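What follows is a short report on a single structure.
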Amino acid sequence: MIRPIIFAVILASLFSSAFAQDWIRTGTGLGVEKVRIAVPDFKAATQDPKNTDLLRVFNDTLFSDLENAGIFDVVSKSFYPLGPIGTPADVKFEGWSGPPANAAMLAFGNLGVTGSNMTVQGWLYDVKNVASPQVLGKQYGDAPTPDAARLTAHKFADEIIFRLGGGIQGIAESKIVFVSSRTGKKEIWEMDYDGNNQHQVTHLGSISLSPRFSPDGSRIAFSSLTKSGWDILMYSLELDRVVAFPRFGGTNVSPAWAPDGTKIAFSSSRSGDPEIYVAEAAGTNLKRITSFKGPDVSPTWNRKTGAQIAWVSGRSGLPQIYMSEADGTNAQRFTEEGYAVSPSWSPNGQFLTFSWIRHYGPGAPGAQDIYLMDIASKQWVQLTHDGGRNDSPCWSPDGRHIVFQSNRSGTEQIWTMLADGTAQKPVTASGRNSQPNWSWK
Amino acid sequence: MRFLQRRLPFRAAADERRLTCATRLGTHPHGGEVKLKLKWISLILALSAVIMLSACKKKVAPPPPPPPPPPAAPTASLTANPNAIDKGQSSTLNWETSNATDVSIDGVGAVRPTGSQSVTPPESTTYTLTAKGPGGTQQATARVTVNAPPPPPTASSATEEELFSQNVKDIYFDYDKSDVRGDQQSSLQSDVAFLRQHPNIGVTVEGHCDERGSTEYNLALGDSRASAVRNALVQGGVAGDHVKTISYGKERPFCTESNEQCWQQNRRGHFVYQK
């Protein structure tokens, strides 16, 4: 079978490039070991009654962040040596490095509330290097609230991931915007990457779709049905309101930010046919870059170079992925069969993920799944296999994760997975949720 | 029975009378005409023949009595100008009579023999003028038609909207297609005909898609469908500035089941009446 080999090669290139700068070599499906890390619960450092609740939030968040990271083999807590561990003095190296834990790394620390302050101390130890074990030592101070405890856990997790993950920033502090109809109308919502802290962003009472974070995280571009039709709107997360953006006429949907944040590509039918346009981030200097009859929609920029755009075109019949330079020249068809939509370009510029009904037609099962394709070789890997309609994939900022929507559970929900298709799990459950977009950092 | 037709001089040669007798069975094919000399015998024979043929009709005008100078019969005419008015407006009746001593108009009363009068009938009315005189009675009529008032504008547009929903048919599309297919041409033609007959009606064409495929692609596809319908209407002669388009993609399905019958319902250009 050639497919599994291709599968392995693609994933090897994905992960080896991610970790090329570090002493850790890992990969998925290659038999390469992930870093085995133990994360015992942090210990209370004071007697404050708030400690219990905050510690529960902190410990759960840190544990799941490290599990979610995709680069660790987190040791089951049942293998941990007995006894609480809160400071370096508590560490008994043999108990962690020897069986049954067999950990390479140990993340531990303490949390204590004093008055209106919460202080967290965290360490990362290489338990097999007894002479000089400390990889990381951090101290954080914040308000004694569950949100602050969660955020502090994300920060500490990201420090660990950064140190052990080849110098790539973790995603524990990243956000996901998405469309939710849980109020009865499709509005833009935002949440932490792990599904916590879900809150409504827009209150337009119309239909709002396709939210896209700006690269600096200060704005969300999206499309919304207004009195004049479908327009691109701009929401400022700093001002907490919709800010001015030009109306172009026609149906304007699917905005996409260039990686430097200076341009936006989107689809507009202002000329009578849906085509891809590129404008300055303020909406000025509009330029059309496609001119074929048939729908052209869903652009995505090469996130590494900003020099190419991929998008969906129905010019040849069923929608396919096309690619061109960012000015529209050198357009080429990228997918050759089926029904391919919703491309998202990987942060390292090497891959596209998109939604594909690969064998469309009579007698074909017609499953709509998320695929990963190596742009240079056009070799692909199918990431979802579990039925339902899977659509709107989007890369995490570290390139190790993909968020997407799936109705496999019966209703449309947001799911995340590692970029090799493992560790798929829903992060929303309330109402119907779709079109997730991951923040750039 | 024979058919007989005789011309008999009576009293004087100048005074001829025609006796006509037709058989009950029909016309004799060789019916002839017999002239007899005026003789007593032949007169008797002729008279007896007439008696014998008494079953036959005979027309014998009595000699007209010398007419006494009759009183002249009245004459009458009545006109209404204008003869069609809107409710609340008035019309003028004009009439002329002669040889009448007693002239009246129904609904108006006794009037002078010749005159005019303004009337404001609440509904369509036939005025009858009666002229009586020694010579008899003569009548003349004139009808004033009262047009129904124009219904208020709201009632008018409701009716128009009803007509719109009865006559304007949605256009259905094949999967992933935005060209108007052959079996939709008759719907399209009747839509064009209706909208051309009602040039004051504005319309929004909504492009809809089935649930398959991405939200974004379907919004673009729905836009193409709405544009295709609009272009066909404009090509058919409908004023372009009366036809707007909007795409709903798969955001507002008509049918929510996941089967082809339902999907076909959702792949359409839907017409919405605009005041």
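The values are calculated or read from the model by the stated rules, or taken from the named source; none is laboratory data. Values in this document were obtained by computation on a predicted structure and should not be read as measured data. Here Cβ is always computed from backbone atoms with ideal geometry, including for glycine, and neighbour counts include all displayed protein chains. Heads up: the accessible areas ignore ligands, DNA and RNA and are worked out on the full protein's heavy atoms, side chains in. Shrake-Rupley method; radii C 1.70, N 1.55, O 1.52, S 1.80 Å.
Summary of values
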| item | result |
| --- | --- |
| Pairwise burial A:B, computed as accessible area of each alone minus the pair, summed, 1.4 Å, Å² | 2100 Å² |
| Equivalent ellipsoid semi-axes - Cα gyration tensor, chain A, angstrom | 41, 26, 18 |
| In sequence order, calculated HN-Hα J values of region A:280-294 (Karplus, 6.51, -1.76, 1.60; Hz; x Gly/Pro) | 4, 4, 7, x, 8, 6, 6, 9, 8, 10, 10, 7, 10, 5, x |
| Cα convex hull of region A:78-179 - mean projected area over all directions, nm² | 8.7 nm² |
| Descending semi-axes in Å of region A:127-172, equivalent ellipsoid built from Cα gyration tensor | 24, 15, 7 |
| D_trans [Stokes-Einstein, Kirkwood Rh over alpha-carbon pairs] for region A:131-204, 20 °C, 1.002 mPa s, µm² s⁻¹ | 147 µm²/s |
| Long pairs among B:K177/B:K275; A:K186/B:K250; A:K185/A:K263; A:K155/A:K304, criterion Cα-Cα beyond 20 Å | B:K177/B:K275; A:K185/A:K263; A:K155/A:K304 |
| Geometric extent, Cα atoms of region B:162-275 - Rg, Dmax (angstrom) | 13.4, 39 |
| Pair B:D174, A:S236: separation of 7 Å Cα→Cβ label points (nm) | 5.0 nm |
| Cα Rg over Rh - region A:319-378, Kirkwood | 1.00 |
| Region A:82-146 versus region A:150-195: alpha-carbon centroid distance in Å | 23 Å |
| Taking the convex hull of Cα positions in region A:201-328, its mean projected area over all directions (nm²) | 7.5 nm² |
| Estimated inter-spin distance, A:K138 and B:N94, nm [label 7 Å along Cα→Cβ] | 10.7 nm |
| Gained length - B:D106 relative to B:T159, 0.36 nm times residue gap less alpha-carbon distance | 15.2 nm |
| A:D90/A:N196 FRET efficiency (R0 25 Å; Cβ-Cβ; nearest 0.05) | 0.25 |
| Chain A: angle of helix A:146-164 to the longest principal axis, Cα-based, in degrees nearest 10 | 90 degrees |
| Order by protection proxy (mean Cβ within 10 Å, highest first), peptides A:214-222, A:269-277 | A:269-277, A:214-222 |
| Shielding by partners, peptide B:238-250 (average Cβ within 10 angstrom, other chains) | 2 |
| Average other protein chain Cβ within 10 Å of Cβ, residues B:178-184 | 1 |
| Cα Rg over Rh - region A:311-413, Kirkwood | 0.97 |
| Pairwise label distance in nanometres, A:A423 with B:A193, each label 7 Å out on the Cα-Cβ vector | 6.6 nm |
| Choice from A:N407, A:N196, A:N285 with maximal GNM fluctuation in chain A (Cα, 10 Å cutoff) | A:N285 |
| Max mean-square fluctuation residue, GNM over chain A, Cα-Cα springs under 10 Å, options A:F213, A:F334, A:F351 | A:F334 |
| Förster radius 25 Å - calculated FRET efficiency between B:R181 and B:V272 (Cβ-Cβ, nearest 0.05) | 0.70 |
| Average Cα contact separation per residue, chain A, under 8 Å, 6 or more apart, as relative contact order % | 10 percent |
| Reduced Cα scattering model of region A:125-274, Debye log10 I(q)/I(0), q = 0.11, 0.19 Å⁻¹ | -0.57, -1.17 |
| Selection from A:S271, A:S224, A:N252 lying farthest towards where the dipole of region A:148-305 points positive, charges on Cβ | A:S271 |
| Isotropic mean projected area of the C-alpha convex hull, region A:178-225 (nm²) | 3.3 nm² |
| Those aspartates and glutamates that a straight Cα-Cα span of less than 17 Å connects to B:K169, excepting residues fewer than 8 apart in one chain | B:E160, B:E161, B:D179, B:D183, B:D191, B:E206 |
| Inter-chain shielding of A:296-303 (mean C-beta neighbours from other protein chains, 10 Å cut-off) | 2 |
| Stokes-Einstein D (µm²/s) once Rh is taken as the Kirkwood radius of region A:230-282 over alpha-carbon pairs, at 25 °C in 0.890 mPa s | 212 µm²/s |
